[in-house]
Amino acid sequence: MEHAATAVSFKYYFVEFTYLLAGILFIMGLKGLSHPDTARRGMHYAEIGMLMAIIGTLLHRDIVSYEWIIAGLILGGAIGGAISYWVPMTALPQRTALSHAFGAFAAALVGISEYYREGAALGEIKVTALAFEVLLGSLTTTGSLIAFAKLQGLVPGAPMTFKGQNFFNMALLAATVGCFIYLLVTPAAAVAFYIMLGLAFLFGVMLVMPIGAADMPVVMSLLNSYAGLAAAATGFAISNNVLIIAGTLDGFSGFILSVLMCKAMNRSITNVLFGAFGSATDGGGTQAGGEMREVNLEDVATQMAYARQVVFVPGYGMATAQAQHVVRELADVLDERGVTVKYAIHPVAGRMPGHMNVLLAEANVPYSSLYELEQINPDFPNTDVAVVIGANDVVNPDARDNPKSPIAGMPILEVDHAKAVIVLKRGKGKGFSGLENPLFFKENCGMLYGDAKDSLTRLVHAVQQA
Amino acid sequence: MNPETLIAAFYVFALAAFLGYQVISRVPPLLHTPLMSATNAISGISLVGSIVTAGAHYNTVSTVLGFVAVTCSTINVVGGFWITERMLKMFRRREDVKKERH
């Protein structure tokens with residue numbers, strides 16, 4: 001008897017020790033991400049931490065059989081492996097949205113199971129934690145699925161709005177919070193729990209529907225944060241410290257990214273969520289006059305071939321055209337001729353934080369050639385040619401010059417300070433946000449119409465011949 | 001849950017939040033996408049909660065929910081770490097890129 005008790009407590013300490021180790025290794029892993037050279041080693045620490053935690057959990061005293069666990073591990077491993085093996089880098093935002101959904105759904109399910117099993121016997125504190133977990137988990141699940149559908153093009157990326165939408169959403173939120181509070185006062189009220197669950201699923205859908213694709217970087221970061229906080233709440237609910245640590249790290253990471261993304265657009269989170277940007281709020285934009293000047297490809301090639309410095313400014317258009325590899329080819333050709341080539345990356349270019357960096361890295365662009373906004377802006381006056389590839393709002397000088405513009409105050413890449421600007425664009429239409437871009441009408445700006453990948457391929461040949 | 005456990009949990013939460021803020025604000029924008037997939041993989045640690053739910057045989061509903069939760073979290077753990085690795089492999093220094101070309 002005595003002996004058995006010691007065995008149990010040894011097992012208990014061992015499990016807790018693996019959790020502590022996992023927590024430390026996760027933090028070391030994230031610390032590694034402060035530099036590309038240490039990032040991979042850091043991730044290996046985090047992977048070891050995860051493995052330790054899983055091994056520890058398999059020894060948990062409540063577990064009586066393993067068949068469902070093993071089935072889940074195998075199925076999940078196969079799906080997760082297949083997705084990561086086959087997903088193209090251009091589809092990273094979709095994959096990330098989907099994984100927010102999976103993470104949040106798992107947290108919600110654990111919460112539902114706990115409440116179903118114990119109900120009011122959990123006590124007020126645990127019910128509070130569970131309610132948080134289920135609320136955040138379920139709204140993040142559906143919100144992320146909608147974000148996924150928008151990014152994948154299954155539903156239109158444009159904001160979907162209807163009359164009285166903000167009022168409806170507020171009422172929905174109020175009803176959800178109402179159920180939440182009722183549940184805290186009356187932990188036994190299972191009906192309130194399940195109504196809250198349903199409302200939260202619906203709220204997630206309503207929250208992301210009205211948000212335009214251009215605002216996705218903020219939404220992705222926010223959903224990242226919610227998914228993390230849901231996991232942290234799970235930690236509170238089942239008294240597991242490693243869950244609290246990992247969930248909090250994830251939650252804060254998402255929060256920091258949301259703040260950075262909002263700053264990069266000079267907007268508040270409330271404005272992103274409830275502003276339905278670009279829907280029908282036009283009126284403040286400049287009706288820029290003048291003609292857009294179309295340039296011919298050979299002239300552009302000559303200009304680039306004899307430049308001292310060329311800066312590429314990629315946007316989401318580069319991703320959709322899959323043009324990152326051709327951009328690098330062009331850069332190589334220029335580099336051989338002694339031209340300095342740099343890349344200017346705006347924080348909200350693309351559909352998620354860091355999107356452009358990954359695409360260019362995939363195309364073998366060394367990371368030291370990628371410049372952030374603050375680093376590259378003073379360098380534009382020394383730039384002979386700035387090439388804008390499928391970017392629009394992030395180079396719109398209205399943000400700086402016109403206080404009435406809907407994007408006023410958003411920090412931009414000041415390409416208009418370069419000696420010449422070439423804009424690669426599909427057609428003459430307005431950009432994604434529907435705003436007029438006065439850059440296109442400036443004297444030093446030339447438009448090169450057509451598919452970005454196609455234009456760039458022809459530029460590579462033309463520069464070689466120049 | 002007794003009050004001591006709750007207080008201890010809040011300590012862990014507060015310290016993790018502080019440490020997380022310090023560590024994550026040092027991640028350069030260059031690595032923001034890998035950061036997001038890495039934290040995603042790490043928060044797949046809800047796997048530990050899911051595993052217990054799936055294996056404890058509390059009741060059929062819990063077991064089924066636990067099984068689905070294990071699957072979802074494993075997708076995140078395996079997928080998250082793998083794709084982070086795939087991405088990080090691509091970030092190369094100028095010298096390495098030059099060497100490869102010759």
Give the distance, in whole Å, between the Cα centre of the stretch A:141-179 and the Cα centre of the stretch A:321-347.
39
The stretch A:1-86, relative contact order [Cα under 8 Å, separation at least 6], %
27
Please work out the FRET efficiency for the pair A:Trp86 and A:Ala120, using the Cβ-Cβ distance as r and a Förster radius of 41 Å; give the result to the nearest 0.05.
0.35
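Please compute, for peptide A:124-130, the average count of beta-carbon atoms on other protein chains lying within 10 Å of each residue's beta-carbon.
2
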For the stretch A:22-63 and the stretch A:211-239, compute the distance between their C-alpha centroids and round to whole Å.
20
Given an 8 Å cut-off on Cα distances and at least 6 residues of separation, report the relative contact order of the stretch A:1-159 as a percent.
18
Cα-derived Rg over Rh, computed across chain A with Rh taken as Kirkwood radius:
1.04
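Hey, got the dipole for the stretch A:1-86? About the Cα centre, +1 on K and R Cβ, -1 on D and E Cβ, debye to the nearest 20?
Details: 5 positive and 6 negative charges, 51 e Å.
Computed charge dipole of the stretch A:1-86: roughly 240 debye.
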Ignoring ligands, DNA and RNA, how do A:Arg337, A:Arg41 rank by accessible area with a 1.4 Å probe, largest first?
A:Arg41, A:Arg337
Which whole number in µm²/s is D for the stretch A:1-86 by Stokes-Einstein, with the Kirkwood Rh taken over Cα pairs at 25 °C and 0.890 mPa s?
164
With every protein chain kept in place and a 1.4 Å probe, the residues A:Thr270, A:Thr128 fall, from largest accessible area down, as A:Thr270, A:Thr128
Using a 1.4 angstrom probe, figure out how much accessible area the stretch A:297-465 has per residue, in square angstrom, rounded to the nearest whole.
36
Could you work out how much longer the chain between A:Tyr182 and A:Ile55 gets when fully extended? Use 0.36 nm per residue separation minus the Cα distance between them, nm to one decimal.
41.8 nm
A:Leu184 - accessible surface, heavy atoms, 1.4 Å probe, Å² rounded to 10
50
A:Thr320 - accessible surface, heavy atoms, 1.4 Å probe, Å² rounded to 10:
90
Order A:Asp215, A:Asp37, most accessible first, counting only protein heavy atoms with a 1.4 angstrom probe.
A:Asp37, A:Asp215
Relative contact order in percent for chain A (Cα pairs under 8 Å, 6+ apart) equals 13
Scanning chain A for GluC sites (Glu not before Pro) in DSSP loops with at most 16 other Cβ atoms within 10 Å, what's the longest stretch left with none?
A:1-290
Inter-site label distance for A:Ser65 and A:Phe274 at 7 Å from Cα along Cβ, in nm:
5.1
What percentages, rounded to whole numbers, describe P(r) for the stretch B:19-83 computed over all alpha carbon pairs with 10 Å bin width beginning at zero?
22, 36, 24, 13, 3
With A:Leu122 itself left out, Lys, Arg at +1 and Asp, Glu at -1 over residues whose Cβ is under 14 Å from its Cβ give -2
Compute the projected area of the convex hull of the Cα atoms of the stretch A:297-465, averaged over all viewing directions, and report it in nm² to one decimal place.
8.7
Quote the accessible area belonging to A:Lys150 in square angstrom, nearest 10, computed with a 1.4 Å probe and with ligands, DNA and RNA left uncounted.
10
Proximal charge balance of A:Val326 [Cβ under 12 Å; K/R count +1, D/E count -1]
-1
Add +1 for every Lys or Arg and -1 for every Asp or Glu among the other residues with Cβ under 12 Å from the Cβ of A:Ile83, and state the total.
+2
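The values are calculated or read from the model by the stated rules, or taken from the named source; none is laboratory data. Since the structure is predicted, the reported quantities are computational estimates derived from the model, not experimental observations. Ideal geometry is used to build each Cβ from the backbone, glycine not excepted, and the neighbour counts take in all protein chains shown. Heads up: the accessible areas ignore ligands, DNA and RNA and are worked out on the full protein's heavy atoms, side chains in. Shrake-Rupley method; radii C 1.70, N 1.55, O 1.52, S 1.80 Å.
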